[in-house]
Amino acid sequence: MNKKISAAVASAALVLGATSANAGIIIPAGEWTLDVNGNVNVYASMQTADDTGTITGGLAGAREATSNEDTEYSIGTGLLPAWLGFTGTTRQNDVDVSFTISMQPNVSDNSSAGDSKTPLFRQAFLTFGDKSWGTVKMGKDLGIFAGKAILNDMTLLGVGGGLDQSGQSTTLGGIGTGYIYPAWKGQVSYTTPNMNGFSATIGITNPNQPVGASSFKQDRFGVEGQVSYAFASGEVWASAASYKVNTAPLVSHDATAVDAGAALNFGNAGLVVYAYSGDGAGTTTFGTLGNTGAMERESDGGYIQGTYVIPTGTKLGVSYGISKLDCASGENCQATLIEKNKRWTVGAYHPLTKHLNLVAEYNSVESDSQGGTSLESDGISLGAILFF
């Protein structure tokens, strides 16, 4: 079954089996049609971690060093935050015009008062175009490169990796354990018309800075693009990104990445296969740990995911993902630097109603350093996600 997760996931159609309703709340408003949509998701999670130590860029949790506790509990959202989106559409002068603005409040908080967090604001963009010549998008939305990797990840309806902090706004899903986060980027992009299933997107993007890189400066706009072909039993795609950045005076490097993937359906069964490779692109978030001085580190990874919808409507799924980072040529590599993050996910996603899904997941994450140190954490999550 093809179901639409509306603007709550960057206005994209996902092939996820039994998931959400097909539309939001439609309100005619003069020349405009307003679509109010979103989701609320809440999960009770428990994570255990027996190892101690620190790995730079590692995603597996470690035992609490101060208390020596190996179990942590959390109530919060999963990979998707709670979401409230507004999309307005109209047609004027033979041009389709729309806007989308969304906000992402929290369902939990780790402060003593329980109200220290502020909402996220992930979308604010306009589009204009026509089915005969294509669509222009301007504003903040999900990045083009690796966008389909996250949109086809089954943990989008669940939790995935990143359970090591209670009261958090979101988890990681498969980010950093199978794909680089596409992030939410200011962009100006053009998408071709649908040509018998084939379409392409090209755009310039704001060169977002990696975490902790205060000296990471843009040298030009980022460039991202994607080609895809959709057919009766699924979709295949490829995308790429290119950035040039300065990390110090007279020290610059390129950050580039390419990927390819396929999402296929065989009756009640689904299969997703995805792989990426980067040079200077780093791991987990684009550019993070991607270089040392002017030397670029190579990275690669991917995930494979299989799902099956049983007669009750429950979608059962299993996914394995890995993200690897190599030391730069000639680099005196630190032993604590991440070498690879790996994740296994086993999940069950049951449509209790047309709009409400119950979710149960088991996630195991392992991080290995360049020096041979390993950390492993295992988590169980139970919860629900409601779309409207």
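Read the figures in this text as sums done on the coordinates, not as results from a lab. This is a predicted model, so every value here is computed, not measured. A quick note on method: Cβ atoms are made from the backbone with ideal geometry, for glycine too, and the neighbour counts reach across all protein chains shown.
With a 10 Å Cβ neighbour count serving as the proxy for reagent exposure, in which order, fewest first, do Ile25, Ile380, Ile338, Ile180 appear?
So the ranking, lowest neighbour count to highest, is Ile25, Ile380, Ile338, Ile180.
Using unit Cβ charges (K, R positive; D, E negative) and no other charged atoms, how large, in debye to the nearest 20, is the dipole of the stretch 3-387 about its Cα centre?
With Lys and Arg at +1 and Asp and Glu at -1, about 1080 debye.
Among 150-160, 230-240, how do they line up by average Cβ neighbours within 10 Å per residue, starting with the highest?
Highest-to-lowest ranking by the protection proxy: 150-160, 230-240.
Please compute the Cα-Cα pair-distance distribution of the chain with 20 Å bins starting at 0, giving whole percents from short to long.
In order of increasing distance, the bins hold 27, 60, 12, 0 percent.
Please give the contour-minus-distance gain from Ile310 to His355: 0.36 nm per residue of separation, less the Cα-Cα distance, rounded to one decimal in nm.
Result: 14.4 nm gained on full extension.
Taking the beta-carbon count within 10 Å as an exposure proxy, list Glu298, Glu31 from fewest neighbours to most.
By the 10 Å Cβ count, ascending, the order reads Glu31, Glu298.
Explain nothing, just compute: Karplus ³J(HN,Hα) = 6.51 cos²θ - 1.76 cosθ + 1.60, θ = phi - 60°, for every residue of the stretch 139-154 in order, whole Hz, x for Gly and Pro.
Computed from phi, the couplings for the stretch 139-154 are x, 8, 7, 4, x, 7, 5, 6, x, 6, 5, 6, 6, 9, 6, 5 Hz.
Summing -39500 (n - 2.57) over the DSSP H runs of n ≥ 4 in the chain and dividing by its residue number, what mean residue ellipticity at 222 nm do you reach, to the nearest 500 deg cm²/dmol?
0 deg cm²/dmol
Non-local amide H neighbours of Val107 (under 5 Å, H modeled in plane, Pro and chain starts lacking H): which ones?
The answer is Thr77, Ala82.
Search the structure for amide H atoms under 5 Å from the amide H of Tyr181, placed 1.01 Å from N in the peptide plane, and list their residues when 5 or more places away or on another chain.
Gly176, Thr284, Thr285, Phe286
Residue by residue through the stretch 255-261, what is 3J(HN,Hα) from phi via Karplus (6.51 cos²θ - 1.76 cosθ + 1.60, θ = phi - 60°)? Round to whole Hz and write x for glycine and proline.
10, 10, 7, 9, 8, 7, x
Apply the Karplus curve 6.51 cos²θ - 1.76 cosθ + 1.60, θ = phi - 60°, to the phi angles in the stretch 290-298 and return the couplings in whole Hz, x for Gly and Pro.
Running phi through 6.51 cos²θ - 1.76 cosθ + 1.60 with θ = phi - 60° gives x, 7, 10, x, 8, 8, 8, 9, 8 Hz.
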